1. Say R0 is 22 Å: what FRET efficiency, to the nearest 0.05, do B:Thr10 and B:Lys68 get from their beta-carbon distance?
2. So what are the range B:1-94's ellipsoid semi-axes, whole angstrom, largest first, if each one is the square root of 5 times an eigenvalue of the alpha-carbon gyration tensor?
3. Using per-residue counts of other Cβ atoms within 10 Å, averaged over each peptide, order B:20-27, B:63-70, A:28-35 from highest down.
4. What average count of beta carbons from other chains do you get within 10 Å of the Cβ of residues in B:99-108?
5. If you wrap a convex hull around the C-alpha atoms of chain A and split its volume per residue, what is the figure in Å³?
6. Show which aspartates and glutamates lie in cross-link reach of B:Lys37 when reach means a straight Cα distance below 13 angstrom and same-chain residues fewer than eight apart are skipped.
7. Across the range B:71-113, how large is the tail of the calculated P(r) beyond 17 Å, expressed as a percent of all Cα pairs?
8. Please provide three numbers in whole Å: the alpha-carbon extents of the range B:39-109 along the principal axes, with the largest listed first.
Amino acid sequence: DGGITQSPKYLFRKEGQNVTLSCEQNLNHDAMYWYRQDPGQGLRLIYYSQIVNDFQKGDIAEGYSVSREKKESFPLTVTSAQKNPTAFYLCASRGQASQYTQYFGPGTRLTVL
Amino acid sequence: GESVGLHLPTLSVQEGDNSIINCAYSNSASDYFIWYKQESGKGPQFIIDIRSNMDKRQGQRVTVLLNKTVKHLSLQIAATQPGDSAVYFCAENISQGAQKLVFGQGTRLTINP
């Protein structure tokens, strides 16, 4: 199956802990994105990467970090510096063929205990 | 700042009726628009897109209309079914700089039996 996978589906974190959310795609897409979604709200861009070994901050990057060592992987680390990390996290990717359309994974719901 | 927004946060329609979901945008540099459907607990799913040089595009049971004069975008869903119940987001691609999408808040569509 081709697509975008995110793991885990649910994640619980204690305050002060860093956690890493996984995002993998086998669509051969160059660009990948991380969004945060809070209840009843739209998507806000955290980080994005248009090519391997390069990434840029989005609108709400504080308290988050990413890496893009492989084309198919774009993990997101939620650090202890993120003051309100409880949210639904969505990863997306975009290929040249689809031009501007981003395709989303199933999401990870992070809850801070 | 410039953003994508929606006129109505919630919309209820009878099964079998047509529904219209509206979206206002304010960025004159936007050159591409996308509608996504998001079911509860899942990632957004691509529905249909339209370029700024078009004013109408049709898909299966869906039609997107673009009025650049008043910066308005709408999604029409014909003969709604229970499976159409979801949150619908519009997104715009701002052609300046990096390829990023700006998402609206979303409209929750409920189909009544």
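1. It comes out at approximately 0.25.
2. Three semi-axes, in Å: 22, 14, 12.
3. Details: B:20-27: 18.6, B:63-70: 14.5, A:28-35: 21.6.
The most tightly packed comes first, giving A:28-35, B:20-27, B:63-70.
4. On the way: counts 8, 10, 10, 5, 8, 2, 4, 5, 0, 1.
Mean number of neighbouring Cβ atoms from other chains: 5.
5. With only Cα atoms used, chain A gives 97 Å³ per residue.
6. B:Asp49, B:Asp84
7. For the range B:71-113, the share of Cα pairs beyond 17 Å comes to 46 percent.
8. The principal-axis extents, from largest down, are 38, 26, 19 Å.
Each value in this text was obtained by applying a stated rule to the coordinates, not by laboratory testing. Computed from a predicted structure; not experimentally measured. Methodologically, a virtual Cβ is constructed for each residue, glycine included, from the backbone with ideal geometry; neighbour enumeration extends over all protein chains shown.
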